[in-house]
Structures are given as C-alpha cells and as structure tokens.
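In what follows, a single structure is set out as structure tokens and then discussed.
The values are calculated or read from the model by the stated rules, or taken from the named source; none is laboratory data. The structure displayed is predicted, hence computed values, not measured ones. When we count neighbours, we look across all protein chains shown, and the Cβ atoms used for this are built from the backbone with ideal geometry, even at glycine. The accessibility values were calculated without ligands, DNA or RNA, using every heavy atom of the protein model including side chains. Shrake-Rupley method; radii C 1.70, N 1.55, O 1.52, S 1.80 Å.
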Amino acid sequence: MNSRVGAWLSQMTLEEKCRLLGGASSWRTHAIARLGIPEIKMSDGPNGVRGESLGPDRTPGLNIPTSIVIGASWDISLANQLGVLLGREARRKAVHVVLAPTVNLHRTPIGGRTFECLSEDPELSARIATAIVLGVQSQEVAVTVKHFAGNDTEVDRMTVDAQIDETTLREFYLRPFEATVIDAGAWGVMSSYNKLNGAHAANNKELLHQILRTDWGFNGFVVSDWFGAHDTVTSLQAGLDIPMPGPKTIYGKYLLQAVQEKRVTEDEIDERVATVLRLIERTRADERPASNTEQTVDDASERAIVRAAAAAGTVLARNEKKALPIRPDSVRKIAVLGPNAKSTRTQGGGSSSMQAIETSTILHGLEDRFGKSKIEWRRGTSIDKLAPILDADQMRTAEGTPGWRVDYYDRDETAGEPRRREITLRSALSFFGAAPPGVNAYNFTIVVSGEFIPETDGIHDVSLVITGMGSLSVNGETIVDDPLGLLPRGREYFGFGSQEQVHGIPMRRGVPVKFEARMRTRAGFSALRIGVRAPEDPHEFEAAVQLAAQSDVAVVVVGTNDEWETEGHDRDTIALPGHQDELVSRVAAANSRTIVVVNAGAPVAMPWFDEVSAVLIGFFGGMEMGRAIAEIISGDTDPGGRLPLVYPKRLEDSPAMRDYAPVDGVQRYTEGEWFGWRGQARNGVQPLIPFGHGLSYGEAMWGAPQVRVEASWPRCTVTVPVSCVSSRAVTAVVQCYARPVGDTNPPRLAGWTKHVIAAGSHRDFVVDVPWTAFRRWNPAKRAWRISGGKWEILVAASSLDVRATVIVEIDECESAPSRGSDQPPFRPA
C-alpha cells in the first residue's frame, strides 16, 4: 500500500468507507470531498468509449471494430494499437475505467454477444485480450475484463447457474481472464450476472478470492455487472469492491449496518476500500476529473488504424476462379443488393452501442471507390424484426428542420416550460446513466414530437417500444396509452422494453404525419423507440434479381442487425433473417460473378455457399467498415482475417447445443472441452468453414518447419519458411496446434504468427509455443501438470489444413497456478 492510499484510508470514517464502495450514480463512484478523494467515472466498451449517454445528446467517438473482428485479425500488435485508441478515447471522455474487454468464449454460435467476444478458442482470446489490456492501461486508464465467469450465453443470464467442471473451467473458460491478470496486469475485473457452480459470481468466494486474488495474485478492483450484486456480506467477503450502479447498492448504508451488527469487520472493509483508492492512484483520477467536458477528436491517423483493423479481421472464405478482387476499370456496372449494403451494421446491440463520429456503409464505400455511375443498389428484401427506426431524412420539427424535438420536464409537469430542449435525428432514445443537465434525474418526463414524411401511399405500421410509463399519438389520436407501465415486457432493451405495440395508420406520400410520444422515467437505463414500416413493394425482390442479371458483377450484402444480435437475448437460429438466402441463390443463378459480403457479428448458415463465386465475412467492422470492404473488393487491400470460431452447417452441429437450454435454472456444460470446432471434429462433423480459415489474394508456399525445444522449461519455437509466389503480396498466418503423441482427439491451438510478405520475397515465420500449451489442470493438487514425453506440433493454415507435423519431447513437471505464459513453471518444493 503506497503512502497516499494509506493516508487516505487512515483518515476516512467508517461511514465514508461504506459510501465510497457504493456507487454514486450509474457510472460514477462517490467522491469524499473532505479528503480530496475524487470520483471515478466508468464507461462501456469494448468497440469504443460511449461516455455518459444522455438520449440524443451523446458525445460521438471512435467506433472500432467489434471484438470478433479483432479476434479474426489474429494480430497481437494491431490489438494493442486498438487498446491504445480505447485508452485515448477514455481520456477524451473523462473516463477512468473502460468496461472492456469481453473475453467470454463462443461456446455456441447463437450467443447474443458473440460479436462482443473475441473467439471460441481460449488461447486466441487470451493473447488478443492481453494485448488490448496492455494498450488501454498504457494510457493510465483501467480495464474491467469481463464477464467473470461463465457468462457465455444471454439465456436467463441474471439467474442461470452455469455448471462447469473444474478442469474445463480452468483450461478453457478462465484462461483469457488468467492471461489478462497475470500477463497483462489488468487493474479491473467485472463479475458476471450468472451463478457459477451454485453461487452468483458477485458473491462467489471461490471465484473472486481463491482463484482471482490468491491463485493469480490479482491486486486490482472487482466491479459487479450492472444490477448484478445481490448480498452485502457474502459479496464483501468474496472480494467484490464496487457493486454498480448507484446510488442504491448493496453497500453504502447496508454495509454500515452489517458492521454495526458485527456481520463484517472494518478490517474487511478496509481491504476493499484500499483497492478503490489504488484505482484512483493508477488512473490519476484526481488530475483528470470526471466532470471534465467530454470531447470528440476526429483524427485521420486514428481512422486509418480503425480501417486497417476492419480489413485485417475480414475473412475471405471463398474465392472461386479469382472472382475477387474486382479492378474498377474492368467493370461497367455493379449491382449492390441487400438492406445491409445501405444500412451496414458496424456494431451490435446492447451496452456496447455508441454514437460513432461517422459510419461508412458498404454502399457508400463502393460508390466512392468505383464511382456512383457504376453502382446501382436495390434492397431486395427486408430483415427488420421491428418496424424500422426513422432517420433525419423523414423527420421534421415544427420549424421544418430535420429531426424531432425532445422536451424534458421534471416529474410529469408537462404543462409548463420544459427544463431542457434538444433535437434528435433518430426516432429512438436511450439513456445510459444520467439525465441531461438541469433535469431531475430521479423523476422526469420526455416528450418527443415532430412530423414524419411518408415516401409511399398505403397503410404504415407504426410501433412503440418503451421501458417506462408513456404513450404515443399519431395525428392527435392516442394509439398507445400505458400510464402505469403495465405493458407486457419483451426481449428488447435487456428485457426492460415493452413488447412492440403496432398499429396500422393510412398515410399518403409527402403528406406530413404528426407524432408525439411521452415517457416518464428516471436515470439509470431507459429507452423509447418509435418505428414505422412502409408498405412492401411486391416487385422489389424480382427487381433486385433482374438488376443482378443486367450487371457485370453482383455484390449481395447479407446479414443481421442489432435487433437480432444484441445483449439481453440469444438468437434462436443461425439462419439469415428475411428472404436473404433465397435472394442470394436467385442472384447467383442470374449472375455468374456473384460476391456475397456477410455483415453479421456471429456465424450464419450459408446454404448457397457453393453457388456463389466469393464470400467475404466482415462481421460488424466499426465505423470504417464500408471503406475497408470497398478497398478489399477493389484489391487495394488484402483481406487479412482468419475465422476465430467455426462456422457450422447447421445449428445442431454445435456440440454445446445439446445442453444449451437451462433445466430448472441450471445450464450444464456437459460437453466439457469439446465445444466449437474441436467438438465438431471429435464427433466427425464437417464444418461449413473451419476454424482458422481465411484466404489471401496472394499465394504462399510453405517450407519444412524447424523446431527448437527447451525440454526442461518446457517450451519450443517452430520456424516455418514462407515465400510469396504471386505478383502481389500475400497475408499468411502460421498456426500451431499441440497434442500428446498417440492422442487421436483434436489438438489445441498452441501458438501462431501472422505476416504480410511482399511479392517475390520470403521470410521465416517464428511461432513461440509456451509451456501453457502443454499443461493440464490437476484438481486434486490444485496445480498445473505438464505431461512429459513426446508431443505433436501440427503446423497448419486452419484447423483442417495441416501442412506438417513435428515431434517434440519435454520434461514432466508441476506448477503452481500463478505463473504467466512467458514465465517458466513455478515448481512447488
């Protein structure tokens, strides 16, 4: 404990200590002004730093690619650069703690937050996350590695008990957390909502005390997921430092009462207070007040990093007859089809969503690169689950300017003048944390009003989803009236949103329609969403197919959006929504050079995979995604990605789906370590696209690998000479998988390296295989065991494309659980 932390602690009263540990608001801890102890400000990540979200008044920022894209890059250096950007963005928004990275594994392909996690593989997740943490914390900004642990699904996430055997837990689901704590020195960890083996994570002493602090030597802070802490005494004694959000938490007055009743001691409280004071020191919170104005910085060099990351994580899964790239001077007309071409999804739904400085769509990217005269777009089909949110093009204020007016009133005093007035350019508002300045944060009413300008005649579906009490009227007629907030809840907005209320309203093209919505709510989380679905054009689908037939190339952009992939609920299927599969098949039959771009944050079924010329998987690629995809399609940039998870042909091919659904509140991981690609391979199930797969526009030739072994450490280095044998540069990723000789089960990823080789040149790819690749958990001794003897190292371009095998021989040993991958095992006496 340093001198200032000790001095602060010695001067604090018991009441001040209890108050410090209880959050002051949705995103801030308490300040102790008497002692000069500042408040700590937190903000969601991991694909940007949102800051405090105040309805339409958000501070725009860098929207980096979602985590699955970073995982697909297989690029440690790039991950570190993105971490640095997150740290910079946090400082710009007066944020001391970024609630990221998310390192839960892709146990199934339908997890609602698959896009927010790095990989199904623990080692790939561990090394990428470690680089991100080092990058963020280099800017004196703390991380919270989340969600600790077993939060690999959104189904019943607040209550479900994830039952995971100790060996599988240690070797797989805890591995990314272990690496970020031991190898990167993470300053923070976020406990998950769920129970783990019987106890909620926020009061799980085995998890927070024994594993995290004792086994791994963690000296940072633990914050609960929002509303994820339940018991004052057991949480404190387990090691939970900050239950969030405030101002009402399980600590504060309840903790003070627990001391007075002798259920906890002041010494126990002091341990937790010291971690929070240490956090203040590490982040220099007293020098960077949370009250500083949030800033937006639009820097060209930072945009370039974001764009490079989107390209580095884009996977070229198929490229028959070199359909890609398309030279701009080789075509006269390109049909660009699909709703996601124009409404490209660059981030998923939920707490990670933010307002980007700008978003480049795939359509605009292609228009900029190829010229608008060569590009023609048609929607073809719709994928909207809910009636679409309006944007500024169809919204007008009473003064005739774009957008709708948002008035804020204290309580429900809407007869007087509003406390604040703003303009929103979207027909959806959400509040993460605070109310706008000047508004009673604990009881306020929002009135949204304006005109909608229809583009077609006919019956329009008008819908409302609302988290609080409220109403919606159209042309003065109330169509939804819920003054007590009694509407049944749906899946939207983390389950707080009402079921979508839909009413058909006749409208005429160009004739303004007046809207007014009201919601009474309070600070914390609240949202209001108004949607309008215009009548479908019955000829749109066929017109898209006809356009494809008349064009040199057809680019079909398929995918999902934040209604399908979001925090709060999992998907029910891996099938693409709407009629996208039919659209791809029809277009492929009409145009022999059909390129499919997949704009989805998780695996989707592709029954047309063998029918099309090329498949490019861009996931949710951040604010520069449209430009990055255009650069790849035109050949300006090589697609650098490799899949960080397997793409199954069918959902039922995923081994974990067998026991995916909780039974009596328990979700049993009965497949053990055999989930994802390794489980499919063990079951003899062929994937649609294998783990680690990805093509380059260049061509490479691999030479024979050489291996150097340090048997007593144990570790080894595999060196593979790789040559570029094409007229353009090639991106190559040499992957090494390990298993004991004689073991016929699928191996585990042990290490990899990635490089771009210039045309006509060559280089050695050096892959370090650390001792952690050979270890297995010994529950009886609570230690790691390294099995001595001969091991196979499979040198591969993907889990199915093994190029060579080398044999190494290592010594047997045991190690305590607190050693990093770059340290030799600690051998207990």
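Of note:
- Thr397 being modelled with pLDDT of 90 or more and either touching a Gly at 6+ places or on another chain (Cβ under 7 Å) or open to solvent by 50 Å² or more (accessible area, probe 1.4 Å) (or both): yes
- Pick from the range 355-388, criterion in a strand (DSSP E or B) and either modelled with pLDDT of 95 or more or touching a helix residue (DSSP H, G or I) at 6+ places or on another chain (Cβ under 7 Å) (or both), ranking: least open to solvent (accessible area, probe 1.4 Å): Ile375
- Hey, Trp713 open to solvent by 20 Å² or more (accessible area, probe 1.4 Å) and at pLDDT below 95 or not: yes
- For the range 777-806, the tally of residues that are more than 28 Å from Pro644 (Cβ to Cβ), among the aliphatic types (A, V, I, L, M) and not in a loop (DSSP other than H, G, I, E, B) stands at 1.
- Residue that is nearest to His96 (Cα to Cα) [pool: residues in the range 125-146 that are of a type in the set (Val, Ile, Thr) and open to solvent by 10 Å² or more (accessible area, probe 1.4 Å)]: Ile132
- When every residue of the range 791-800 is checked against the conditions, none turns out to be modelled with pLDDT under 95 and either touching a His at 6+ places or on another chain (Cβ under 7 Å) or of a type in the set (A, V, I, L, M) (or both).
- Looking only at the range 244-263, and only at residues there that are in contact with a Ser or Thr (Cβ under 7 Å, 6 or more places away or on another chain) and either open to solvent by 30 Å² or more (accessible area, probe 1.4 Å) or among the aromatic types (Phe, Trp, Tyr) (or both), the one that is modelled with the lowest pLDDT: Pro247
- One residue from Ala290, Ala311, Ala304 being open to solvent by less than 20 Å² (accessible area, probe 1.4 Å) and either outside any loop (DSSP other than H, G, I, E, B) or within 30 Å of Glu611 (Cβ to Cβ) (or both): Ala311
- Test result for Val155, of a type in the set (A, V, I, L, M) and either within 25 Å of Ala300 (Cα to Cα) or part of a helix (DSSP H, G or I) (or both): no
- Of all the numbered requirements in (1) closer than 15 Å to Pro512 by Cα; (2) without any contact (Cβ under 8 Å) to a residue 40 or more places away in the chain; (3) buried (at least 16 other Cβ atoms within 10 Å of the Cβ), Pro418 misses one, and that requirement is (1).
- Qualifying positions in the range 569-609 - over 18 Å from Leu643 (Cα atoms) and small (Gly, Ala, Ser): Ala575, Gly578, Ser585, Ala588, Ala589, Ala590, Ser592
- Those residues of the range 317-354 which are basic (Lys, Arg) and crowded, with 24+ Cβ neighbours inside 10 Å, in sequence order: Arg345
- Scope the range 47-79; condition open to solvent by 10 Å² or more (accessible area, probe 1.4 Å) and part of a loop (DSSP other than H, G, I, E, B); matching residues: Glu52, Pro56, Asp57, Arg58, Thr59, Pro60, Asp75
- Residues considered: Arg518, Arg489, Arg509. Of these, the only one that is basic (Lys, Arg) and more than 25 Å from Gly568 (Cα to Cα) is Arg509.
- When the strands (runs of 3 or more DSSP E) confined to the range 475-545 are screened for residues that are of a type in the set (Phe, Trp, Tyr) and within 30 Å of Lys248 (Cα to Cα), none reaches at least 2 such residues.
- Against the test of being buried (at least 23 other Cβ atoms within 10 Å of the Cβ), touching a Pro at 6+ places or on another chain (Cβ under 6 Å) and at pLDDT 95 or above, the options Gly626, Gly622, Gly601, Gly618 yield a single qualifying residue, Gly622.
- So Glu492, is it touching a residue at least 24 places away in the same chain (Cβ under 8 Å), among the charged types (D, E, K, R), under 25 Å from Val49 (Cα atoms) and crowded, with 21+ Cβ neighbours inside 10 Å: yes
- Matching entry among Arg748, Arg782, Arg763, Arg775 (being among the charged types (D, E, K, R) and surrounded by 20 or more Cβ atoms within 10 Å (Cβ to Cβ)): Arg775
- Screening Arg107, Arg88 for residues that are assigned to a helix (DSSP H, G or I) and of a type in the set (Lys, Arg) leaves exactly one candidate, Arg88.
- In the range 400-415, the residues that are outside any loop (DSSP other than H, G, I, E, B) and either open to solvent by 60 Å² or more (accessible area, probe 1.4 Å) or on the phi > 0 side of the Ramachandran plot (or both): Pro402, Arg405
- As for the range 298-315, it holds at least one residue that is more than 26 Å from Pro690 (Cα to Cα), in contact with a helix residue (DSSP H, G or I) (Cβ under 9 Å, 6 or more places away or on another chain) and aliphatic (A, V, I, L, M).
- Complete set of residues in the range 451-469 that are part of a strand (DSSP E or B), open to solvent by 10 Å² or more (accessible area, probe 1.4 Å) and either over 19 Å from Arg405 (Cα atoms) or touching a Gly at 6+ places or on another chain (Cβ under 8 Å) (or both): Gly458, Ile459, Asp461, Met469
- If you check Glu89, Glu39 for being touching a His at 6+ places or on another chain (Cβ under 8 Å), of a type in the set (D, E, K, R) and at pLDDT 95 or above, only one passes: Glu39.
- Checking each residue in the range 638-689 for being in contact with a Lys or Arg (Cβ under 9 Å, 6 or more places away or on another chain), among the polar types (S, T, N, Q) and surrounded by fewer than 22 Cβ atoms within 10 Å (Cβ to Cβ) picks out Thr670, Gln686.
- Scanning the range 260-291 for residues that are among the aliphatic types (A, V, I, L, M) and over 15 Å from Leu20 (Cα atoms) yields Val264, Ala290.
- Which numbered condition Gly578 misses (of (1) over 25 Å from Arg378 (Cα atoms); (2) open to solvent by 10 Å² or more (accessible area, probe 1.4 Å); (3) part of a loop (DSSP other than H, G, I, E, B)): (1)
- Positions within the range 117-152 being over 26 Å from His693 (Cα atoms) and assigned to a loop (DSSP other than H, G, I, E, B), in sequence order: Ser138, Gln139, Glu140, Val141, Thr144, Ala149, Gly150, Asn151
- Among (1) open to solvent by 50 Å² or more (accessible area, probe 1.4 Å); (2) touching a strand residue (DSSP E or B) at 6+ places or on another chain (Cβ under 6 Å); (3) of a type in the set (A, V, I, L, M, F, W, C), the one test that Met507 misses: (1)
- A single entry from Arg272, Arg282 fulfils the requirement of being touching a Phe, Trp or Tyr at 6+ places or on another chain (Cβ under 9 Å) and open to solvent by 50 Å² or more (accessible area, probe 1.4 Å): Arg282.
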